1. Test Thr281 against the stated conditions and say whether it is open to solvent by 10 Å² or more (accessible area, probe 1.4 Å), more than 16 Å from ligand 2 (Cβ to nearest atom) and either farther than 24 Å from Ile40 by Cβ or not in a loop (DSSP other than H, G, I, E, B) (or both).
2. What about Val207, is it without any contact (Cβ under 8 Å) to a residue 60 or more places away in the chain, out of contact with any Cys (no Cβ under 6 Å at 6 or more places or on another chain) and not in a loop (DSSP other than H, G, I, E, B)?
3. From the set of residues in the range 234-288 that are modelled with pLDDT of 95 or more and of a type in the set (Ser, Thr, Tyr), which is nearest to ligand 1 (Cβ to nearest atom)?
4. Taking the range 288-299 as the region of interest, how many residues are open to solvent by 10 Å² or more (accessible area, probe 1.4 Å) and within 16 Å of ligand 2 (Cβ to nearest atom)?
5. I want to confirm something. Restricting to the range 95-143 and keeping residues that are part of a helix (DSSP H, G or I) and polar (S, T, N, Q), which single residue is nearest to ligand 1 (Cβ to nearest atom)?
6. Answer yes if at least one residue in the range 233-256 is within 15 Å of ligand 2 (Cβ to nearest atom), farther than 23 Å from Ala111 by Cα and assigned to a strand (DSSP E or B), and no otherwise.
7. How many residues, within the range 153-168, are assigned to a loop (DSSP other than H, G, I, E, B) and farther than 17 Å from Leu251 by Cα?
8. Of a type in the set (Phe, Trp, Tyr), open to solvent by 30 Å² or more (accessible area, probe 1.4 Å) and in contact with a Ser or Thr (Cβ under 7 Å, 6 or more places away or on another chain): is that true of Phe176 in this structure?
Amino acid sequence: MRKLFLWLLALGLLLSGCGQAGEPAEAGAFLLDTAVSVRIYEGGGRDTAQAALDLCASYEKIFSRTDPDSELYRLNHREITQVSDELAQVIALGLDYGRSTGGAFDITMGAVSELWDFAAEDPALPDGEEVARRLAHTGWETVSVEGNTVTFADPETVIDLGGVAKGYIADRLADFLRGEGVTSAIIDLGGNLYCLGSRPGGEPFQVGIQYPYEERQTTIGGLPAENLSVVTSGLYERSFTLDGRLYHHILDPDTGWPVENDLLAVSIVSERSVDGDALSTACFVLGLEAGMDLVEDTEGVEAVFITDDFQVHLSSGLEEVFYLT
Ligand code: ADP
Ligand code: MG
C-alpha cells in the first residue's frame, strides 16, 4: 500500500520546479444529479472536454435509478433481464463490494433510498414502518449476474448504483480522454475527482480535501495526485435538517436509516475511481475503526477520515504526503 505513495512522492520531487498549469479547456454541466466538469490542461481542447461530458450523459442513461428511460430503471421494473456490458459490470462490481465489506456497501438499498428526496424543497421523513417493510427486500446476496443476465431472488428488490456509478464513469471518461491523446486533465463528478496525468510541466496536481460543511473551496488539507482518483463521501453532501437532526443519504443496511457514527467525511485515494467510490461509501457505513482496517487491508488504497471533532485520521500510506491547510 505504501509503495504507490512513496513512488508518487519521489516523482513529485524529481519533477518539481517545472512549468505552471495554464488555462485549461473546460466543459461543465449538471449531470448525475450534480455539477460535473472536465478540465483539460494538455492534449485536447474544449471539444474533447465536451465529448467527455457527452459520454458522461450517455452513462447516466444506463445507471440512473430515477430516469424512466434508463436501462437500470427498466431492470428494476423487471422489463428486461438482459443488460448491457456496462450495467452488468457495475452491478457485478457492486455485488463484489457487498461481499468484501460484509454488506456495509449494498447496491440493493434502492427500495429504501427511493423513500428519500434530499433535493425536495420541503423534505420529509419516510414512514418508519415503510422503511422496515422495504428493508426486508434488500440484500446484495439476493441478486446475481451471469454474463449479461441479472437475476433477482426477490421481486421487490431495487438496485441503486448511486454509491458506485460515478467512480465507474470517471474511469471511463479517463480512458476516453487518454484515447484522444489527453495527457493532463481533471475530471470532477461532484466530489468524485480523477487526476489524469500530472500538471503541465510534470508536477503532480494538488487535491484539496473539503472542510466539512464549508464551501467547496475551503479545504482542511490536501495531497499530491497523479493518475489518481480522490473520492469523498460526506454526510453534509445530500442532506437536510429536521427538528435539529441531520438526515443524509448514506444508509445503514442494518436499519434502513442514515448511518449514525462520529464521521463527517471519508475520502479514498485509489488508482481506479470505481474502487474509491464504493469504498468511500462503505467506509462511511463501517465507521472509523472498521473502515480504516478495511483500507489498510486493501492494496493500493489510502484514506482520509474526518471525525465530528474535525480531526483528520490518515491511513499509513498518506502520513508522509498529506498536509493540513
Ligand atoms: P455521493 O452520491 O455524494 O457521491 P456516495 O458515493 O457516498 O455519495 O453514495 C451515496 C449514494 O449511494 C446514495 O445516494 C444512495 O444512492 C447509495 N447508497 C446509500 N447507502 C448505501 C449503502 N449502504 N451502500 C451502497 N450504496 C448506498
Ligand atoms: Mg460512493
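1. Here the answer is no, as Thr281 does not meet what is asked.
2. So Val207 fits the description; yes.
3. The selected residue is Thr281.
4. The total comes to 2.
5. This residue is Ser113.
6. No - not one qualifying residue is present in the range 233-256.
7. Total satisfying the criteria: 4.
8. The answer is no for Phe176.
The values are calculated or read from the model by the stated rules, or taken from the named source; none is laboratory data. Everything quoted here is computed from the prediction, not taken from an experiment. Here the Cβ is made from the backbone with ideal geometry for all residues, glycine too, and neighbour counts use every protein chain on show. Calculation scope for accessible area: heavy atoms of the full protein, side chains included, ligands and nucleic acids excluded. Shrake-Rupley method; radii C 1.70, N 1.55, O 1.52, S 1.80 Å.
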